[in-house]
Amino acid sequence: MKRHLLYGTVLASVVAGLCLAAPRPAIVQRPGQWTMEVRYEHPQQMVLPGGPGGESRFWYMIVTVTNRTGQDADFYPKCDLLTDTFQIVPAGRGVTPAVFQAIKERHQGQYPFLESLQAVGNRVLEGEDNAKDIAIIWQDFDTQALGFKVFISGLSNETAVIPHPVAVDAATGRPVPVYLRKTLELAYALRGDPGLRSSVEVVPKDHGWVMR
């Protein structure tokens, strides 16, 4: 138990250090920098048969990415879910094609061309007609969490480099460089009885751009 508490304390300190040291995204981007337009639906649940207890639970959200930058843009997204208990859940981990198919069928009327994050192409063509509807899917997370954040990167080519607050390069004795990307951060609270997972309500709290 003490080891877990110590690990949590160290992890929280490192995360806090990175957040304090990280620069903010530019208010006015420099020439050559771009950020694509994104619309999104708030996270919701999908439950399928099978798994522990006879069912497997997933969380997902649908984002629409539109490239209005004036040029075709490379697209290498990365999407993590971070709970307030410091559990990090990468999108797509442990997610089978059947999960995406169930989500696609649920939203067929509104998003007939829905793509999974894992299968989406690495290029977004310019213009509204080339907008991409993308399903981002996570395995169920810590049932004791009272909130979580979603981080979506790959929507911009703005980057920054900062020194790591802890790690040091053995050869040079200097802090290891940390490379950051402009990232969309979405914060949510969970309302309801954690024991009744299906009835838990996702409550939007905040959103904005960060360097991560």
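FYI, it's all coordinate maths here, none of it is from the lab. What you see is a predicted model; the values in this text were computed from it and never measured. As a convention, Cβ positions derive from the backbone with ideal geometry for all residues, glycine included, and neighbour counts pool all protein chains shown.
Numbers at a glance
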| quantity | calculated |
| --- | --- |
| Taking HIS164, HIS207 and counting other C-beta atoms within 10 Å, the order from fewest to most | HIS207, HIS164 |
| Qualifying chymotrypsin sites (Phe, Trp or Tyr not before Pro) in segment 29-121, DSSP loop, other Cβ atoms within 10 Å at most 11 | PHE113 |
| Tensor-based shape of segment 104-212 (alpha-carbon gyration tensor, a/c under 1.5 rounded, otherwise prolate or oblate) | oblate |
| Gyration tensor (alpha-carbon) shape descriptor, the chain, a/c threshold 1.5 | oblate |
| Chain lengthening between VAL176 and ALA189 when straightened (0.36 nm per residue, less Cα-Cα) | 1.3 nm |
| Separation of the TRP209 and ALA167 label points, Cα + 7 Å toward Cβ, nm | 2.6 nm |
| Estimated distance in nm for a label pair at LEU196 and ASP74, the labels positioned 7 Å out from Cα along Cα-to-Cβ | 4.9 nm |
| For SER116, SER199, order by how many other beta-carbon atoms lie within 10 Å, fewest first | SER199, SER116 |
| Helix-only mean residue ellipticity at 222 nm for the chain, each DSSP H run of n ≥ 4 adding -39500 (n - 2.57), per residue, nearest 500 | -4500 deg cm²/dmol |
